[in-house]
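Take a look at the structure below.
The values are calculated or read from the model by the stated rules, or taken from the named source; none is laboratory data. Just so it is clear, the structure is predicted and the values come from calculations on it, not from any experiment. Cβ placement follows ideal geometry from the backbone for every residue including glycine, while neighbour counts extend to all protein chains displayed. Areas reflect the complete protein model, heavy atoms only, side chains present, ligands, DNA and RNA absent. Shrake-Rupley method; radii C 1.70, N 1.55, O 1.52, S 1.80 Å.
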Amino acid sequence: MKRQRWWEGARIDAGTLGWATGEIGLASYAGVSSIYLLFYATEVLRIAPATAGLALLVPRIWNIIGDPIVGYLSDRTRTRFGRRRPYLLGGAIVWGAAFFLLFNLPRVADPLWQALLFGAVFLLNNTGLTLYQVPYSAMLAELTRDYAERTKLVAYKEVAARAAILLTLTCAPLILARAATPAGGFGKLGAAFACVYVVSGLIAFFATAHSPATQATEHHGRMTLQLAPLVENRPFAFVTLSFLFVNLGDAVFSGSLVYYVTEVMHRNAALIGVLYPVGSVTGILCTPLWTLAANRFGKTLLCRIALGMNALVCVLPIFFPPGASWLMYPFMCLYGLFNTGARLLPSAMVPDTVELDQQRTGERREGVIFGLFVFAQQTGFAAGGFVLSLLLTLAGVGAGLATPGRVTGIVICFTAAAAVLYGLAFLAILGYRLNHSQINPLAAESE
């Protein structure tokens, strides 16, 4: 019997590839915001780390309501463009414009007003991001109903994400390095990536014009009760909690990397443009391996392995001898290997919980379910940045402070703090119970 290759079986067409391309904007945003946003706020806008972290966290309160509402509305939207696609178009435009403004803020003399302005524009940015990301993510459950195909579709998306991060973290340092001033560099950075977000959104919008899409079912729940999947659907609750911790870990790891490189390794921040691409290339190369293994041994088992190893790998830099900066390259390879699985597999598991949800409720609530999942993802990034800002404050980073424990604090942020968060993600996924033999019959029954 001919062995099936990892990409075979999934519905590869212009719509599928166009949908995966829509991840480019999301991945590049995750890379730029997690690495540079807090740094920009503290070093360019001169906002104290704790205040900057709070300004990044408070707007997330809106998303407690906003993400499920956008999912709820997209489930019920009826237009000639479908349920999800109008949000892709409008969201990408709002998001791109707000991101441009975020990195081109005027300087305000009063630090409090500067922080308030920064937080207000970040709120607008989050609104546009939600309008785009929730319906975009919900389309995964509509493109195919097959257990294995969903893993492959997420694999295409993961390749696009890693390629986007590779391009982002190669280009972003160059943009900053060639600018006359840090403020000017971040202004150009905002303009360049705002264009990326809008263009990737437009590609996803036009390419999915003829893609499969489920029709809206009769909904009986009230909008105020749309947190129900977290209570009623235990597999969804566990995978969402796990992914929350994954994103907390990613935010702490990525945000502290620039401090680790400059303060501990005493290297130029431009080294980020080399280290992260190493991880991204590794992620691209190992994506087929995660896909094959997940479809052979099960997503749940492989997800647990990826999360557990991701946590262990983060501890390794504690044992690096002084001056051995070359060890960062194999370290980033290992991190890229296991972090790819830690992100790919939970995303492939969520659509499976949609089938379970429909069997129990009789409704197709992809938008609500992915709204909650996206909320967990974005909250993880934001809360991770806030946690990092508090840890950096304790270490004496920012605001001109210099304390004896500064370097030790940065090392702890980069290693132990990230490892603990990935470890919590591993513990959460232990409660997930939904396998291949259950999913395909559920999908067949719901068709």
- Note on the structure: When region 240-271 is checked residue by residue, the ones that are open to solvent by less than 10 Å² (accessible area, probe 1.4 Å) and of a type in the set (A, V, I, L, M, F, W, C) are Phe243, Val246, Ala251, Val252, Phe253, Leu257, Val258, Val261
- Message: Considering only residues that are farther than 18 Å from Ile203 by Cα and among the β-branched types (Val, Ile, Thr), which ones fall in region 131-164?
- Response: Thr144, Thr151
- Task: Collect the residues in region 124-157 that are assigned to a helix (DSSP H, G or I) and polar (S, T, N, Q), keeping them in residue-number order.
- Result: Asn125, Asn126, Thr127, Thr130, Gln133, Ser137, Thr151
- May I ask you to list pairs of residues, at least six apart or on different chains, whose Cβ atoms are under 7 Å apart, with the first in region 41-63 being of a type in the set (Phe, Trp, Tyr) and the second being part of a helix (DSSP H, G or I) and modelled with pLDDT of 85 or more? Trp62/Leu123; Trp62/Asn126
- Query: Which of the following residues is at pLDDT 85 or above, surrounded by fewer than 24 Cβ atoms within 10 Å (Cβ to Cβ) and within 16 Å of the chain's Cα centre (by Cα): Thr21, Thr51?
  - Reply: Thr21
- Task: Please enumerate the residues belonging to region 268-324 that are farther than 29 Å from Thr408 by Cα and aromatic (Phe, Trp, Tyr).
- Result: Trp290, Phe297
- Task: Return the residue satisfying two criteria in turn: it lies in region 54-73 and is crowded, with 24+ Cβ neighbours inside 10 Å and of a type in the set (A, V, I, L, M), and of such residues it is farthest from Lys188 (Cα to Cα).
- Result: Val70
- Message: Suppose we filter Ala10, Ala41 for residues that are among the aliphatic types (A, V, I, L, M), open to solvent by less than 20 Å² (accessible area, probe 1.4 Å) and at pLDDT below 55; which single one remains?
- Response: Ala10
- Conditions (1) under 22 Å from Ser74 (Cα atoms); (2) surrounded by 19 or more Cβ atoms within 10 Å (Cβ to Cβ): number failed by Phe118: (1)
- Kindly indicate which of Arg343, Arg360, Arg364 is modelled with pLDDT under 90, among the basic types (Lys, Arg) and not in a loop (DSSP other than H, G, I, E, B). Arg360
- Message: Taking the criterion of being modelled with pLDDT of 90 or more, open to solvent by less than 50 Å² (accessible area, probe 1.4 Å) and at negative phi, would at least one residue in region 138-148 satisfy it?
- Response: no
- Note on the structure: Restricting attention to region 379-434, the residues that are in contact with a Lys or Arg (Cβ under 9 Å, 6 or more places away or on another chain), open to solvent by 60 Å² or more (accessible area, probe 1.4 Å) and at pLDDT 80 or above number exactly 3
- Message: Going by what's in this entry, would Leu327 be described as hydrophobic (A, V, I, L, M, F, W, C), in a helix (DSSP H, G or I) and without any contact (Cβ under 8 Å) to a residue 24 or more places away in the chain?
- Response: yes
- Message: If I go through region 167-180 residue by residue, how many of them are touching a Gly at 6+ places or on another chain (Cβ under 9 Å), farther than 20 Å from Gly201 by Cβ and not basic (Lys, Arg)?
- Response: 8
- Task: Of all residues in region 24-40, count the ones that are under 9 Å from the mean Cα position of the chain (by Cα) and of a type outside the set (A, V, I, L, M, F, W, C).
- Result: 2
- Message: Looking only at residues that are among the aliphatic types (A, V, I, L, M) and under 11 Å from Val246 (Cβ atoms) in region 294-343, which one is surrounded by the fewest Cβ atoms within 10 Å (Cβ to Cβ)?
- Response: Ala311
